[in-house]
């Protein structure tokens, strides 16, 4: 399946915070204390499955991740599951990505800092009564690295999950911890020793690849067991988005073969240079002694356990022409006449020269800040009352794709 973006540089709409907040980075750090205080619900849990849906006016796609709850640090949970709603996803043959935003996959486990989701589905109702959205976007989830027994968010690594993260949250909330199951992850070697089974990676080949390009990595070793289809058996790579501070799992559809002694997997988009980790169906892990070098990454779309290559659409003289928003209603600011235009154009020129992509700002204007994967306009706009940036986010890019 081939999906082609309808937007610039894989961008549909660029959101920039208020002019006074313009900065070079897309994120600013939200302290743990603020995330604890502002969150309505804080839980430990694991993503078990996902489903994407249109919002009520069919302009944005969101993904609802069902999360099995293990511990409740703040608030109350009815039943054993919550739903975490994040921007982006795929409905049939239309997809939308949002950057920066929290990207979850089945199997992800960690602590969620959440607030009630305000998203309405296409039917005019929230998907479920226990729907939440991460507070401060990507910083609203401290992802566990079960291999190394630690947790990480974008800015912080918690070397000891219970001592550095759990106790900090409990001390701040002052609420009793509600246990629903599970236990704090232990380093892989402790789990393996306890079970008496030690998976080992003997070699990886090749040791230098590209990501998101269908390059195949062969992992040789022992004790890999048999695959359970991605429920527990997974291959992890360093996360290129944070310099390897966290790890990401290859979608199940990228694993082409799995035996007790060898695994072959296509290297996923967003994989970065670092070690490779295999997790077996028994949740035992082994990490490579050899570093896998990622030469470069190509964007792919990963939904439903598989991944698809993308290509840029030829929209205007072999490239993309941006339109600057002049919309001032709903609390918006006119981007076309703002002081942000000049630094934006300098950044755009650097982008062009670095990538070779034909993306231009021809001075065209548009009285709109509408976002939709199917839009024909590539817009640069300030955030407004209808398009609010979450805490911790200075700017966002929305990308639309269709087959």
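Values quoted throughout were computed directly from the atomic coordinates according to the rules given, and no laboratory measurement underlies them. These numbers come from a predicted model, not from an experiment. Neighbour counts are summed over all protein chains in view; Cβ atoms, including those assigned to glycine, are modelled from backbone coordinates with ideal geometry.
Once both labels are positioned 7 Å from their Cα atoms along Cα-to-Cβ, the gap between residue 92 and residue 308 label points is 1.3 nm.
Where does each of 280-286, 267-273 land if you order them by average Cβ count within 10 Å, highest first?
On the way: 280-286: 19.9, 267-273: 21.6.
The most tightly packed comes first, giving 267-273, 280-286.
Approximating the spin labels as points 7 Å out from Cα along Cα→Cβ, the residue 208-to-residue 171 distance works out to 4.7 nm. Sorted ascending by nearby beta carbons within 10 Å, beginning with the fewest, 296, 135, 320 become 296, 320, 135. Taking 1.002 mPa s as the viscosity and 20 °C as the temperature, the Stokes-Einstein diffusion coefficient of the stretch 188-309 based on its alpha-carbon Kirkwood radius rounds to 152 µm²/s. A crude spin-label estimate for the pair residue 55 and residue 156, with each label 7 Å from Cα along the Cβ direction, gives 3.0 nm.
For 179, 324, what's the fewest-to-most ordering of other Cβ within 10 Å of each Cβ? Display every interim value, and only then the final one.
Details: 179 11, 324 22.
Ascending Cβ contact count within 10 Å gives the list 179, 324.
Counting other beta carbons within 10 Å of each residue's own, what order do 265, 198, 67, 77 fall into, fewest first?
Values: 265 23, 198 14, 67 27, 77 18.
Least to most surrounded, the residues fall as 198, 77, 265, 67.
In terms of overall dimensions, the C-alpha atoms belonging to the stretch 310-403 reach 35, 32, 27 Å along their principal axes, ordered largest to smallest.
Would you mind calculating the relative contact order of the stretch 26-179 from Cα pairs under 8 angstrom and at least 6 residues apart, reporting the percent as a whole number?
Values: 337 pairs, mean separation 39.0, N = 154.
Relative contact order for the stretch 26-179 comes out at 25 percent.
What order do you get for 235-246, 158-169 when each peptide is scored by the mean count of other beta carbon atoms within 10 Å, highest first? Walk me through the intermediate numbers first.
On the way: 235-246: 20.0, 158-169: 17.1.
For the peptides 235-246, 158-169, the packing ranking is 235-246, 158-169.
Stokes-Einstein diffusion for the stretch 26-179, with the hydrodynamic radius set to the Kirkwood value over Cα pairs and evaluated at 37 °C in a medium of 0.692 mPa s, equals 208 µm²/s.
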